[in-house]
Amino acid sequence: MKRIFITALAIPLALAGTAALAHVKLTPAQAPAGSAIRAVLAVPHGCEGAATTSLSVTLPDGFYLAKPMPKPGWTLTTQDGDYPAPYDDHGTMRAQGVRRIAWTGELPDAWYDEFVFTGTLGGDLAPGATLYFPVEQTCGARVEHWTGVPAAEGAAVDDPAPALTVQPADEHAHHH
């Protein structure tokens with residue numbers, strides 16, 4: 001009987017801890033170097049009860065050719081900038097591209113939504129490397145910075161930036 005009681009008690013406690021640690025997540029969590037991906041930022045809540053009024057993501061070095069998906073009822077803006085090194089886009093060298101994406105609208109705290117963009121991982125990215133996609137979530141006058149990056153592999157960090165782990169290149173895939 002004790003065993004059932006402990007298990008029943010552990011489940012709500014585990015779920016309560018998960019809710020407290022909820023933050024913006026990136027899907028996919030991993031992708032091959034050189035691959036085109038559809039990236040999704042999942043926003044599970046606002047800021048301490050306030051609605052999310054904007055979400056912006058800064059794209060990391062090694063992520064190219066970004067194209068954001070518009071959201072009905074939201075204003076979409078992009079900021080272009082220089083790549084650290086030119087990117088070979090099927091024989092056309094690209095020195096600049098989208099470096100930051102922002103959506104402005106309203107997402108009530110009680111609702112969940114996703115913000116989508118596509119792009120290509122550089123073919124020269126090392127397998128096992130982690131790309132961080134720092135996010136700012138604005139809720140009226142309050143701003144949540146999901147920008148934390150661990151100082152060492154596996155180290156805990158407050159307010160973690162959404163991240164993607166680079167996998168070995170798929171030699172048979174057609175890269176965009």
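The values are calculated or read from the model by the stated rules, or taken from the named source; none is laboratory data. In this text, all values refer to a predicted model and were calculated from it rather than measured experimentally. When we count neighbours, we look across all protein chains shown, and the Cβ atoms used for this are built from the backbone with ideal geometry, even at glycine. Just the protein is used for accessible areas: all its heavy atoms, side chains included, with ligands, DNA and RNA removed. Shrake-Rupley method; radii C 1.70, N 1.55, O 1.52, S 1.80 Å.
Starting from the Cα gyration tensor of segment 40-134, take the square roots of the eigenvalues, sort them a ≥ b ≥ c, and report rounded, prolate or oblate (rounded when a/c is under 1.5, otherwise prolate if a/b is larger than b/c, else oblate).
Cα axes put segment 40-134 in the prolate bin.
May I ask you to list the residues of segment 53-87 whose amide nitrogen lies under 15 Å from a point 7 Å from Cα along the Cα→beta-carbon direction of Q96?
Correct set: 65-66, 78-87.
Please give me, ordered by residue number, the chymotrypsin sites (Phe, Trp or Tyr not before Pro) of segment 105-143 that lie in loop per DSSP and have at most 12 other Cβ atoms within 10 Å.
Y112
Provide the solvent-accessible area of T118, counting protein heavy atoms only and rolling a 1.4 Å probe, rounded to the nearest 10 Å².
About 50 Å², rounded to the nearest 10.
How high is the relative contact order of segment 58-142, given as a whole-number percent (alpha carbon pairs under 8 Å, six or more residues apart)?
42
Give, as a single signed number, the net charge of other residues whose beta carbon lies under 15 Å from the beta carbon of P72, with Lys and Arg counted +1 and Asp and Glu -1.
-2
Order 57-69, 73-85 from most to least packed using the mean count of other Cβ atoms within 10 Å.
The packing order, highest mean first, is 57-69, 73-85.
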